[in-house]
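Read the structure below first, then the notes.
The values are calculated or read from the model by the stated rules, or taken from the named source; none is laboratory data. For clarity, every value in this text was computed on a predicted model and none was experimentally measured. Every residue, glycine as well, gets a Cβ built from its backbone with ideal geometry; the counts of neighbours run over all protein chains shown. Remember, those area values only see protein heavy atoms, side chains included, never the ligands or the DNA or RNA. Shrake-Rupley method; radii C 1.70, N 1.55, O 1.52, S 1.80 Å.
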Amino acid sequence: MRFSLPSISPLALLAPLALGVVAYCGSRHSSRATDSKPAVSKASPYASPTALVICPDQRHALVALSAANAVAIIDLQAGTVVQEISVGAQPMGVTVSTDGSQAAVSCRLDGTVVFLKNAKDETGKPFWTKAGQAPCGHLPADLLFSPKSDKVYVACAGSHEVVVINSPTTVGPTVAHRWKTWQEPRRLTLSPDGASLFVGCSRNATVRALDTISGKEIWSRTLEAAFNMVGLALDPQSGELITCQVFHRHHAMAKSNIEQGWALDNRLGRIYLKEPTSDPWQISMDVRGSAVGDPSAVAIEPSGQWLAVAGSGTQEVLVFQRKEVQWSHGDPGDFLDSTLEYPTRKYERIPVGGRPVALAFLAGGKDLAVANQLNDTVQLISTADKKVVKTIHLGRGQKATESEQLVRQGEGLFFNAKKSHHHWFSCNTCHTDGHTSGQLFDTLNDDSYGNPKQTPTLLGVNDTAPFTWHGWKHDMEKTVRDSMVNTLFGPEPSDREVKALTAYLHSLKPIASPYKPASGTSAAEAMARGRNLFYSKANCVRCHSGEVFTTPKNHELPIESDGSPFDTWNPPSLRGVHDRAPLMHHGLATDLKDLLQNHHKPEKMGGTALDKEEVDDLIEFLNSL
């Protein structure tokens, strides 16, 4: 029983304040022991739990602390942290073997998996130590052990692949296989017999079933017009996969459309394993006037009685009576089925505060564990009482500075769907983890409706003014205020809130590209040729210059008018362009090759035509940025 963050990945973890590591000291017999080599750098004042897994003894749990670069071992009965182990940068997923003897942690910014072993101390209590680590892929997220615990499957969202790593109990840890799985794989679960691995791909809301021997795709199912699929769970009783995602109706993000559910809906999906390629069944979770923004995790109680959903944007956990949910085989509509509320209520919305991002039921289904990222807690919810009955604090034991507090407040605002009209969505919904959801939205960011635009990344936005595709906004704080009022249609923010959200956006840094070929290789030579083309023949530097590969100047380009009041364009930064598809303001370019050969040919943008080999070389360079 394990579940990890959707969400992928909370943005504040990209901020400098979140890159601290564990600095607690103590013996292995203290109430909070550390590994034998405690980090010496300044610890983050925040823990930011992003994933948790219940140990087989049902008393302990392992929690990934993404801001602290650590894993905490907690005693669920005593309500205490009993140990903390520093791992790699920004742990995002954690899993434990079926016998509880080993665990594995995915470290997002390191691109590694760290293995832990349960040695137990002389009193028989669990005591975890490091057992090795292995590189995996770019931006690893969820992971889980095979039934025999001889390997670990890792969803690498940034490199669009599932990586199979031999665990240290065999010949490893070493990488055994790499299986390409497109569109940002983030969630994993296994069939009961271990023969099929189910992969939830966030950006296009697709579930893929892979054969665990060959890695070949058995089937795939896309929930059409959906995105941000960051929850995936298997119900072994019924043979169903349950997902959570956002449904995009592709209407203007106008206030009247938002309140009617005609802009975005927050939904659950159900896929029968016996008929996986048939249309998925769905339900909407939103209630008129009080939506469930940013669903981020799902969990199914082992007997199938309860279905739980984390509403991370609305700071709540929804618990449904599993058998009472009436699924729709077509469009479920924009609001929750009234039969779940009348004549008797068959679900509960339990407020938890902060940002609940991971869920796990304990055996018997009486309690549900919740990892709450912005509260720095693990909370236990009683399924009988439908309320939080225990809170385990994971705080860092040090006071945050004023600037750290401001950024943390801004992080909370960024993920808070309650700041939007009727709570339908947050900043994170479109700018997922501060990056992009890969979706086009029709907002007033270009001062008009009828002109949907691709969501730009916010990573490194502090260096790329002016803002918006047309570059008509120059002041970050004013842009933030406008977005809170005219995109979210929330209440007028205070000056403090505007400064906090701006500070948080300033803290978001681009993530280094994984495409850095080793010197002397053919790929490195191609990248060098591509660099020369960028600055000469292709003349990309005309618009994409300097260290951030953009310019504050707006340009007249031979691009068809989008119908907005503007006729010039501000070039987006090319940093991280390898992970921003679809590309251009209209999102019609599926990848860099399609962009350069069809939509943004160098010869039409002030450069000279490139042949096929030159296009490939230029792509090698662009991927390295």
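Hey, among the residues in segment 35-54 that are touching a strand residue (DSSP E or B) at 6+ places or on another chain (Cβ under 9 Å) and open to solvent by 10 Å² or more (accessible area, probe 1.4 Å), which one's modelled with the highest pLDDT? Residue satisfying both the conditions and the ranking: Tyr46. Here segment 577-594 is the region considered, the condition is being without any contact (Cβ under 8 Å) to a residue 40 or more places away in the chain and closer than 23 Å to Asp433 by Cβ, and the residue that is most open to solvent (accessible area, probe 1.4 Å) is Thr590. Remark: pairs (first residue in segment 538-563, farther than 20 Å from Val577 by Cβ and modelled with pLDDT under 95; second residue open to solvent by 30 Å² or more (accessible area, probe 1.4 Å) and in a helix (DSSP H, G or I); Cβ separation under 6 Å; 6+ apart in sequence or on different chains) = Pro558/Lys604. For segment 525-534, the tally of residues that are charged (D, E, K, R), within 32 Å of the chain's Cα centre (by Cα) and either open to solvent by less than 30 Å² (accessible area, probe 1.4 Å) or more than 18 Å from Pro602 (Cα to Cα) (or both) stands at 0. Of the residues making up segment 383-405, those that are open to solvent by less than 20 Å² (accessible area, probe 1.4 Å) and more than 23 Å from the chain's Cα centre (by Cα) are Thr383, Ile392, Arg396, Ala400. If you go through segment 271-281 and pick out every residue that is open to solvent by 30 Å² or more (accessible area, probe 1.4 Å) and touching a strand residue (DSSP E or B) at 6+ places or on another chain (Cβ under 8 Å), you end up with 5. Meeting the requirement of 1 or more residues that are of a type in the set (Ser, Thr, Tyr) and touching a residue at least 24 places away in the same chain (Cβ under 8 Å), the strands (runs of 3 or more DSSP E) wholly within segment 41-102 are 49-54, 80-86, 91-96. In segment 344-382, the residue that is least open to solvent (accessible area, probe 1.4 Å) out of those that are polar (S, T, N, Q) and in a loop (DSSP other than H, G, I, E, B) is Gln373. The listed residues are Leu574, Leu610, and the only one of them that is over 26 Å from Leu444 (Cβ atoms), among the hydrophobic types (A, V, I, L, M, F, W, C), assigned to a loop (DSSP other than H, G, I, E, B) and in contact (Cβ under 8 Å) with a residue 60 or more places away in the chain turns out to be Leu610.
Inclusion of Ser296 among residues that are among the polar types (S, T, N, Q), in contact (Cβ under 8 Å) with a residue 12 or more places away in the chain and more than 27 Å from Pro49 (Cβ to Cβ) is not warranted.
Within segment 389-405, the set of residues being closer than 30 Å to Ala500 by Cα and in contact with a Leu (Cβ under 7 Å, 6 or more places away or on another chain) comprises Leu394, Glu404.
When segment 535-555 is filtered for residues that are over 23 Å from Ala465 (Cβ atoms) and surrounded by 15 or more Cβ atoms within 10 Å (Cβ to Cβ), the ones remaining, listed by number, are Lys537, Ala538, Asn539.
Residues considered: Ala263, Ala291, Ala297, Ala254. Of these, the only one that is at pLDDT 95 or above, farther than 19 Å from Gln315 by Cβ and open to solvent by less than 10 Å² (accessible area, probe 1.4 Å) is Ala263. Filtering segment 331-343 down to residues that are under 28 Å from the mean Cα position of the chain (by Cα) and open to solvent by less than 40 Å² (accessible area, probe 1.4 Å), which residue is nearest to Ala310 (Cα to Cα)? That would be Leu336. With a requirement of 2 or more residues that are closer than 28 Å to Leu380 by Cα and of a type in the set (Val, Ile, Thr), the strands (runs of 3 or more DSSP E) lying completely within segment 292-343 that satisfy it span 295-300, 316-321.
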